[in-house]
């Protein structure tokens, strides 16, 4: 299983975002949280800032939209060149059509679910999505504690993806650090969003440490499935 590390700039220095992007250039993607103070009680970046980040980032943008009216707003982030655009199932009227619009604009289409949201409606339309993001905290603020009770839902998603044979990534976001990577990867995650666990120290070293821990957990999980 290929492991991807996507540091969240929610934990970066907002006064020096271009510099912060350079500091995480060894990561696979950069997770960009867009919050509108309506869908979640926080306000972060909007389309103009994300567009500028796209122009200067050395790694692909993994945009996570925590905004209302995802059907109307999500495709615009694909149009500006983001590699992946995630919208929330809870904010979409027609998630399959929204995913289709994102793909048509050149980005990977991803759908996110809050900890308390059933993933079953997403799994019924797996071929519509390129990635599923399972929140392991309540969305809105960084620095929250990992919620292990999401892991059974993640395991169900992994089983469905494996059975389908589709190339659908499973991402987790919230409380990801060295002491929680094993749970996430063993339960089926292959794409890890980490904020303070990366920006709370030397980012390149932190990214390498998370990658080693995740790959080790992935190998152990694979051995267990084979056995």
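One residue stands out among those in region 179-201 that are part of a loop (DSSP other than H, G, I, E, B) and in contact (Cβ under 8 Å) with a residue 12 or more places away in the chain: the one that is farthest from the chain's Cα centre (by Cα), which is 200. Taking residue 66, is it modelled with pLDDT under 95 and crowded, with 18+ Cβ neighbours inside 10 Å? Criteria met by residue 66. Scanning region 27-48 for residues being part of a helix (DSSP H, G or I) and either touching a helix residue (DSSP H, G or I) at 6+ places or on another chain (Cβ under 6 Å) or closer than 25 Å to residue 114 by Cα (or both) gives a total of 1.
Before we move on, is residue 158 over 30 Å from residue 223 (Cβ atoms) and either touching a residue at least 24 places away in the same chain (Cβ under 8 Å) or part of a helix (DSSP H, G or I) (or both)? So residue 158 does not fit the description; no. Only residues that are touching a strand residue (DSSP E or B) at 6+ places or on another chain (Cβ under 8 Å), farther than 18 Å from residue 129 by Cα and buried (at least 23 other Cβ atoms within 10 Å of the Cβ) were counted across region 156-201, and they come to 9.
Being touching a helix residue (DSSP H, G or I) at 6+ places or on another chain (Cβ under 7 Å), crowded, with 17+ Cβ neighbours inside 10 Å and touching a residue at least 40 places away in the same chain (Cβ under 8 Å) is the requirement here; does residue 74 meet it?
Here the answer is no, as residue 74 does not meet what is asked.
The single residue among 113, 137, 119 that is crowded, with 18+ Cβ neighbours inside 10 Å, out of contact with any strand residue (DSSP E or B) (no Cβ under 7 Å at 6 or more places or on another chain) and in contact (Cβ under 8 Å) with a residue 24 or more places away in the chain turns out to be 137. Within region 3-26, the set of residues being over 15 Å from residue 172 (Cβ atoms) and in a loop (DSSP other than H, G, I, E, B) comprises 12, 13, 24, 25, 26.
The single condition among (1) assigned to a loop (DSSP other than H, G, I, E, B); (2) under 30 Å from residue 118 (Cα atoms) that residue 72 does not meet is (1). Please work out if residue 204 is surrounded by fewer than 17 Cβ atoms within 10 Å (Cβ to Cβ) and either modelled with pLDDT of 95 or more or assigned to a loop (DSSP other than H, G, I, E, B) (or both). Answer is yes for this residue. Residue count for region 161-178 under the criterion of being in contact (Cβ under 8 Å) with a residue 24 or more places away in the chain and not in a loop (DSSP other than H, G, I, E, B): the result is 7.
The values are calculated or read from the model by the stated rules, or taken from the named source; none is laboratory data. All figures in this text were calculated on a predicted structure; none of them were measured in a lab. Glycine gets a Cβ as well: all are built from the backbone with ideal geometry, and neighbour counts include every protein chain shown.
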